[in-house]
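Everything on this sheet refers to the single structure shown next.
The values are calculated or read from the model by the stated rules, or taken from the named source; none is laboratory data. In this text, all values refer to a predicted model and were calculated from it rather than measured experimentally. Don't worry about glycine lacking a Cβ; one is built from the backbone with ideal geometry, like all the others, and counts go over all protein chains shown.
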Amino acid sequence: MFVCKGVVTATDFSRVNEEVYSEASLEHLQYLLIDYTATEHLEVSLDEIREFAAVDVVAASQGRSLVIAVAGSDDLTFGISRMWQAFASDSNIRSNIFRSVPDAERWIKETLQNA
């Protein structure tokens, strides 16, 4: 789980992607939960969201499908997360966006059990 706090920038997104999608991590990755519930706001453009979704799509194409849940309690974060989900929808990624971490965790558990 990645817990994000304060202002989250495109640079922060890039760092997380580098860590998550490193060769060593990707080999064992079953799911990813990104917790934005403690963020002040996301500083990211539409083009950057599209680029990050493309990175996720490429990573998911290199093995089994990825399960990604995002928790964001405020409307803007929720909406930005939905945009990412739309850009990544035509891929090997099963994703969902939630308002709370417990809801996201429950969905991940159910999704992995039904896989």
What do you reckon, is A10 surrounded by fewer than 17 Cβ atoms within 10 Å (Cβ to Cβ) and out of contact with any Cys (no Cβ under 8 Å at 6 or more places or on another chain)? yes
Evaluate the following for D35: is it charged (D, E, K, R) and surrounded by 13 or more Cβ atoms within 10 Å (Cβ to Cβ)? yes
Log entry, pairs with first residue in the stretch 73-94 being closer than 15 Å to S45 by Cα, second being in a helix (DSSP H, G or I) and charged (D, E, K, R), beta carbons closer than 7 Å, six or more apart or on different chains, reads F87/R50
Can you spot a residue in the stretch 95-109 that is in a helix (DSSP H, G or I), touching a Ser or Thr at 6+ places or on another chain (Cβ under 9 Å) and either surrounded by fewer than 19 Cβ atoms within 10 Å (Cβ to Cβ) or at negative phi (or both)? yes
Residue under question is A69, and the condition is that it be on the phi < 0 side of the Ramachandran plot, at pLDDT below 95 and in contact with a Phe, Trp or Tyr (Cβ under 8 Å, 6 or more places away or on another chain); does it hold? no
For the stretch 50-94, what are the residues that are of a type outside the set (D, E, K, R), part of a loop (DSSP other than H, G, I, E, B) and surrounded by fewer than 18 Cβ atoms within 10 Å (Cβ to Cβ)? S61, Q62, G63, S65, S73, S89, N92
When the residues of the stretch 14-49 are filtered to those that are assigned to a helix (DSSP H, G or I) and either touching a His at 6+ places or on another chain (Cβ under 8 Å) or among the hydroxyl-bearing types (S, T, Y) (or both), which remaining residue is farthest from D90 (Cα to Cα)? S25
Starting from the stretch 18-34, keep only residues that are in contact (Cβ under 8 Å) with a residue 60 or more places away in the chain, then list their pairs with residues that are in a helix (DSSP H, G or I) and not β-branched (V, I, T) whose Cβ atoms are within a distance under 6 Å, requiring at least 6 positions of separation or different chains. L33/A104
Conditions: (1) closer than 28 Å to A115 by Cα; (2) in contact with a strand residue (DSSP E or B) (Cβ under 8 Å, 6 or more places away or on another chain); (3) at pLDDT 90 or above. T9 meets all but one. Number of the miss? (1)
Considering only the stretch 14-37, I want to know if a residue exists there that is at pLDDT 95 or above and charged (D, E, K, R). yes
